[in-house]
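**Q** Below you'll find the structure I mean.
The values are calculated or read from the model by the stated rules, or taken from the named source; none is laboratory data. Because the structure is predicted, anything quoted here is derived from the model rather than measured. Here Cβ is always computed from backbone atoms with ideal geometry, including for glycine, and neighbour counts include all displayed protein chains. Remember, those area values only see protein heavy atoms, side chains included, never the ligands or the DNA or RNA. Shrake-Rupley method; radii C 1.70, N 1.55, O 1.52, S 1.80 Å.
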Amino acid sequence: MDARLGQGMAGLDLRAEIERLRKERNAVILAHYYQKPELQDLADFVGDSLDLSRKAAETDAEVIAFCGVRFMAETAKILSPDKIVVLPDMNAGCSLEDSCPPDQFAAFRAQHPDHIALTYINCSVEVKALSDIIVTSSSAERILAQIPPEQKIIFGPDRNLGGYLTRVTEREMLLWPGVCIVHEAFSETELLKLKAQHPGAPIAAHPECPPHILDHADYVGSTRGILEFAQSFPGDTLIVATEPHIIHQMEKALPGKTFIGAPGADGNCNCNICPYMALNDMEKLYLALRDLNPRIEIEEDMRLKAKKSLDRMLEMASSSVGHGDLGPVRVTGD
């Protein structure tokens, strides 16, 4: 619990204070699609993690306030070493990052010296530094297509994303056994009940979902890809199998359509709200801008090693980062 919370904030207009500090600090505020609506609404940019970091790097801001999770803020610091990067709550981690401790990943790599490490961006700066190429959900397939078929690959930390890539590309990889707790929480049984209640409604799913959820998806793609699908599908109701705060952007863009979060085992989507993303709020953002703390700091040698794997991704698939999905639309029954 942050001891600063509640101290001297009674009666504060937090939004007005954040606006004041944004100007005083020459700050840019970033919010991931999985953040609370009030944070999305005041952000300068809302988007996918890497896309946000790249946009912030292009600004003349001196401070980046990243409303997301720790690995995202670290990525912003990797790309903007001269900017101050703050995270409203330093406890905002990620189950995928937690599943892949750097020492264990290094040992795993050492056991497979003939493999290169293709690593999902949802990992720590230390794991990025141990990797050969970082991928996003929107760039992974394009990058895989450029790697010689005889080259053996370790894919981590998300076994579901790696498994999906294997299925659509027929490229075998050695998978690290990590999962996203949010996407693992979706229930196939409850999803089928929801589908029966809304016949004809397509399902859009993030590839971090397990196979038994993706098997029912009409579309599989990144958060950005899901948003684009929401704007193009012909019906009036869409079932969304990813963190439900993304629906805020859909409802803003398409108020005439209905968007339903895919259910968890208890029949609702509350269990699928990311507990790490939920740690950030208006008070903590205000304090982060006021105190320029908690601050992301990365040792320069580590930053450069991590940046090398990010740069490799951008060299191989820059045009796809933050733009699109993992391939063609999947139609149920195909």
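**Q** Among the residues of region 168-192 satisfying the criterion of being free of Cβ contacts under 8 Å to residues at least 40 places away in the same chain and touching a Pro at 6+ places or on another chain (Cβ under 8 Å), which is nearest to residue 265 (Cα to Cα)?
**A** The extreme case among them is 184.
**Q** When the residues of region 108-130 are filtered to those that are aliphatic (A, V, I, L, M) and open to solvent by 50 Å² or more (accessible area, probe 1.4 Å), which remaining residue is farthest from residue 308 (Cα to Cα)?
**A** For region 108-130, the residue satisfying everything is 110.
**Q** In addition: Out of the residues in region 38-52 meeting the condition of being part of a strand (DSSP E or B) and touching a helix residue (DSSP H, G or I) at 6+ places or on another chain (Cβ under 6 Å), tell me which one is nearest to residue 94 (Cα to Cα).
**A** Residues of region 38-52 part of a strand (DSSP E or B): 45-47.
Narrowing the set further to residues that are touching a helix residue (DSSP H, G or I) at 6+ places or on another chain (Cβ under 6 Å) leaves 45-46.
Numbers: 45: 21, 46: 19 Å.
Taking the candidates together, the pick is 46.
**Q** Ok, one more. Take region 262-278 and flag every residue that is over 15 Å from the mean Cα position of the chain (by Cα) and either polar (S, T, N, Q) or at pLDDT 95 or above (or both).
**A** Just the residues of region 262-278 that are over 15 Å from the mean Cα position of the chain (by Cα), to begin with: 262-271.
Matches in region 262-278: 268, 270.
**Q** Ok, one more. Does region 155-176 contain at least one residue that is within 25 Å of residue 272 (Cα to Cα), modelled with pLDDT of 95 or more and of a type in the set (Val, Ile, Thr)?
**A** No: zero hits.
**Q** Name the residue, out of 45, 66, that is among the aromatic types (Phe, Trp, Tyr), modelled with pLDDT of 95 or more and open to solvent by less than 10 Å² (accessible area, probe 1.4 Å).
**A** Values: 45 fails: open to solvent by less than 10 Å² (accessible area, probe 1.4 Å).
None of the others qualify; the one that does is 66.
**Q** For residues that are surrounded by 19 or more Cβ atoms within 10 Å (Cβ to Cβ) and not β-branched (Val, Ile, Thr), scanning just region 243-260, find the one that is nearest to the chain's Cα centre (by Cα).
**A** Checking each candidate, the answer is 243.
**Q** Report whether or not residue 297 is under 22 Å from the mean Cα position of the chain (by Cα) and at pLDDT 95 or above.
**A** Answer is yes for this residue.
**Q** Does any residue in region 241-264 that is farther than 20 Å from residue 214 by Cβ come within less than 6 Å, Cβ to Cβ, of a residue that is of a type in the set (Asp, Glu) six or more places away or on a different chain, and which pairs are these?
**A** 257/236
**Q** Among (1) in contact with a strand residue (DSSP E or B) (Cβ under 8 Å, 6 or more places away or on another chain); (2) within 15 Å of residue 115 (Cβ to Cβ); (3) open to solvent by 10 Å² or more (accessible area, probe 1.4 Å), where does residue 162 come up short?
**A** With respect to (1) in contact with a strand residue (DSSP E or B) (Cβ under 8 Å, 6 or more places away or on another chain); (2) within 15 Å of residue 115 (Cβ to Cβ); (3) open to solvent by 10 Å² or more (accessible area, probe 1.4 Å), residue 162 is out only on (3).
**Q** Follow-up. Count, please, the residues in region 1-37 that happen to be assigned to a loop (DSSP other than H, G, I, E, B) and at pLDDT 95 or above.
**A** Matching residues across region 1-37 total 6.
**Q** Return the total of residues in region 193-239 being under 13 Å from residue 261 (Cα atoms), among the aliphatic types (A, V, I, L, M), surrounded by fewer than 22 Cβ atoms within 10 Å (Cβ to Cβ) and free of Cβ contacts under 8 Å to residues at least 60 places away in the same chain.
**A** The total comes to 1.
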